[in-house]
Structures are given as structure tokens and as C-alpha cells.
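The structure appears below as C-alpha cells.
The values are calculated or read from the model by the stated rules, or taken from the named source; none is laboratory data. Please read these numbers as outputs of a predicted model, since none were measured by experiment. No Cβ is skipped: glycine too gets one built from the backbone with ideal geometry, and neighbour counts run over all protein chains shown. Surface areas here come from the heavy atoms of the whole protein model, side chains and all, with no ligands, DNA or RNA. Shrake-Rupley method; radii C 1.70, N 1.55, O 1.52, S 1.80 Å.
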Amino acid sequence: MTTRLATIASEAGRRVALVLDDGSALDGPAAAQAAGLDPAPLNDMVSTIAAWDSLGPMLRAAAAKPPPGATVAAGAYRLLAPIPRPAKNVFCVGRNYIEHVAEGDRAAGRETETPKYPQFFTKPPTAVIGTEETVPSYAAITRVLDYEVELAVVIGRPGSDIPAERAFEHVFGYTVANDITARDLQRRHGQWFKGKGLDRSCPLGPWIVPADEIAAPPDLRISLTVNGELRQDSRTSQLIFDLPTIIATLSQGLTFETGDVIATGTPSGVGYAMTPPRVLGPGDVIEATIEGIGTLVTRIVA
Ligand code: MN
């Protein structure tokens with residue numbers, strides 16, 4: 001059974017939970033109490049990750065045989081972003097699948113060259129939302145709202161100057177991100193922050209799958225549909241700069257902390273590079289899926 005580590009909101013408040021196969025959720029603090037462990041870390045995903053060595057085995061055992069009263073029925077809870085408010089900006093890698101680099105260069109009328117160094121930008125914590133949430137179309141400020149499905153890495157063990165060969169020791173798990181982008185703002189302001197920093201423009205989730213359940217490096221189908229139409233379809237093994245390179249490069253002189261999130265780039269098939277270009281608008285439903293992790297659903301509203 002895949003461990004689907006989620007942050008939920010239920011009658012009992014916000015807490016860490018495991019989403020079970022029948023759609024119910026194992027309430028983390030209740031499971032800890034039943035096992036005689038301190039429930040407090042399970043009120044928050046980052047402290048849960050920090051204490052995972054003891055909490056992980058307990059949660060997995062409780063998921064297989066839930067203690068009485070420790071589950072919340074499907075429909076009686078809401079999924080929040082697994083890390084609802086990251087402590088710092090979400091790190092992002094731009095232009096990290098060669099077919100996506102090529103489609104962007106085609107749209108801009110330039111020749112394609114494989115990037116020599118990874119390109120980094122960030123999205124602010126205020127951009128993060130969970131699955132089944134809405135994003136405004138921002139019709140007054142952009143005409144080119146677009147989607148980008150991405151494999152997101154959640155950092156477990158803190159560190160800086162992490163050597164590439166030790167990078168996976170710092171990866172706690174994986175989730176799905178949708179790097180919603182206002183392309184016209186991205187271009188107009190040079191630096192990408194404005195076009196990629198809008199409120200609610202970083203759907204994240206639906207949950208985290210711990211890294212020990214996914215072979216490293218991840219080779220997973222990554223895809224996205226808009227209103228059921230397949231737009232992006234690739235594999236996470238197609239990254240130009242792989243996870244060890246990203247983590248080693250970013251962590252040079254920069255400290256990763258538990259709960260930091262890195263969105264690792266999007267494959268080809270984004271709307272603005274289609275012929276003719278397609279943009280997101282009110283009513284659109286975006287489903288971003290990574291095999292073995294889950295599907296992140298986002299609705300665009302007026
Ligand atoms: Mn992106």
C-alpha cells in the first residue's frame with residue numbers, strides 16, 4: 001500500500017493523516033496516541049517529517065490495522081496542500097525537459113540550445129494551495145494563464161553544500177506541483193517572479209509519497225489534462241538536470257531545511273506553445289498526475 005501522507009482539515013482541525021485505500025484517512029495524532037507516542041508532531045507536516053524515523057513505522061503499521069476511532073471517513077475531511085505554508089519560497093527549476101525548452105524556443109522564434117546550467121526561480125509561500133482548490137483567472141492582469149505539471153521534491157534532512165552522490169539522503173518524499181504561470185507577466189518583467197508568483201498559483205499535492213517507496217532516480221509517467229484533454233505526457237527520467245544535480249547546485253552556500261519544496265521543471269505541452277496557443281480560463285479543470293504519487297486537481301474560476 002502506498003503511503004499517502006497528507007495534511008487534512010477535519011472537525012478535529014488541521015493535522016497530518018494517511019489517506020487509506022478506501023478513501024478514509026488515518027488521523028495521525030489519534031494513531032500516535034493509540035500507540036503511546038507523542039501526538040504533537042503530527043499536528044504539522046514539517047515536524048512529522050523531522051520525527052519520521054519513529055512516526056513513519058507507527059503510521060504505516062496503524063494504516064494496515066487502524067486503531068478504533070483513529071480514522072476519518074471519506075467526505076468528512078478536506079485535503080490541504082501537504083505543506084500548507086512552506087517556510088520559504090518554493091524553489092523551481094525552469095527549462096528542465098529538452099522538449100519543453102524546444103517548444104519555448106520555437107514559440108520565441110529562436111534556435112534551441114541545451115542549457116548548460118540549471119535555471120532557478122521561486123514561488124512565494126502565499127501561492128501554495130491544495131488539490132481540488134480554485135485559481136482565479138486573473139483576467140484583469142493576464143491574458144495568458146498557463147499550466148505546468150512538475151515533480152516536486154520535499155526535503156527531509158537539512159543541509160548545505162550537499163554532494164550530488166548524497167542528494168537522495170536529503171529527499172524525504174515526492175508530490176505533484178502545478179506551476180501556474182502568467183506568460184505575459186513572465187515575459188514583461190524579465191525576472192520570472194511576477195508571472196509565477198500570483199496568489200494560489202502553486203497547487204501542491206494531493207499528498208506526499210515517502211522517497212523509500214519510489215526507486216531513485218524516479219522514472220515515473222508525468223502527465224496533465226485540461227478538461228480531460230491530454231496536454232503533457234512524459235517521464236520524470238527525462239529531466240535535463242537530474243535531482244542530484246539540482247540539489248547539489250542549489251545547496252551550494254544555501255541551506256535546505258526540512259519541508260523545503262523544489263519543483264523540478266515541466267515537460268512539453270504547455271498551452272502558450274501550442275499552435276494556436278491555448279490559455280486557461282474560467283471553468284477549466286486541470287488534472288496533473290504523476291504515476292505512483294497521485295492526481296492534483298485545480299479549477300480555474302472567474
Ligand atoms: Mn515550471
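Give the number of residues within region 63-93 that are within 13 Å of the ligand (Cβ to nearest atom) and either farther than 25 Å from Gln238 by Cα or touching a Pro at 6+ places or on another chain (Cβ under 8 Å) (or both).
Total meeting the criteria: 2.
Sort out for me the strands (runs of 3 or more DSSP E) sitting completely within region 5-87 that have 3 or more residues that are of a type outside the set (Phe, Trp, Tyr) and without any contact (Cβ under 8 Å) to a residue 40 or more places away in the chain.
Of the strands (runs of 3 or more DSSP E) lying wholly inside region 5-87, those with at least 3 residues that are of a type outside the set (Phe, Trp, Tyr) and without any contact (Cβ under 8 Å) to a residue 40 or more places away in the chain span 13-19.
As an exercise: evaluate Thr295 against (1) away from the ligand (no atom under 16 Å from the Cβ); (2) touching a residue at least 60 places away in the same chain (Cβ under 8 Å); (3) over 16 Å from the mean Cα position of the chain (by Cα) and give the number of the one condition it does not meet.
Result: Thr295 passes all but (3).
Just for region 178-213: of the residues that are within 15 Å of the chain's Cα centre (by Cα) and more than 16 Å from the ligand (Cβ to nearest atom), which one is most open to solvent (accessible area, probe 1.4 Å)?
This residue is Trp207.
Would you check if there is a residue in region 249-259 being within 16 Å of the ligand (Cβ to nearest atom) and open to solvent by 30 Å² or more (accessible area, probe 1.4 Å)?
Within region 249-259, not a single residue is within 16 Å of the ligand (Cβ to nearest atom) and open to solvent by 30 Å² or more (accessible area, probe 1.4 Å).
When residues of region 1-53 are filtered for being within 19 Å of the chain's Cα centre (by Cα) and among the acidic types (Asp, Glu), how many remain?
Selection size over region 1-53: 1.
Give the residue that is farthest from Ala73 (Cα to Cα), with candidates limited to residues of region 1-58 that are open to solvent by 30 Å² or more (accessible area, probe 1.4 Å) and β-branched (Val, Ile, Thr).
Val46
Suppose we filter Pro86, Pro158 for residues that are under 30 Å from Leu37 (Cα atoms) and buried (at least 22 other Cβ atoms within 10 Å of the Cβ); which single one remains?
Pro86
Among (1) among the hydrophobic types (A, V, I, L, M, F, W, C); (2) within 15 Å of the ligand (Cβ to nearest atom); (3) surrounded by fewer than 20 Cβ atoms within 10 Å (Cβ to Cβ), which single condition is Val149 missing?
With respect to (1) among the hydrophobic types (A, V, I, L, M, F, W, C); (2) within 15 Å of the ligand (Cβ to nearest atom); (3) surrounded by fewer than 20 Cβ atoms within 10 Å (Cβ to Cβ), Val149 is out only on (3).
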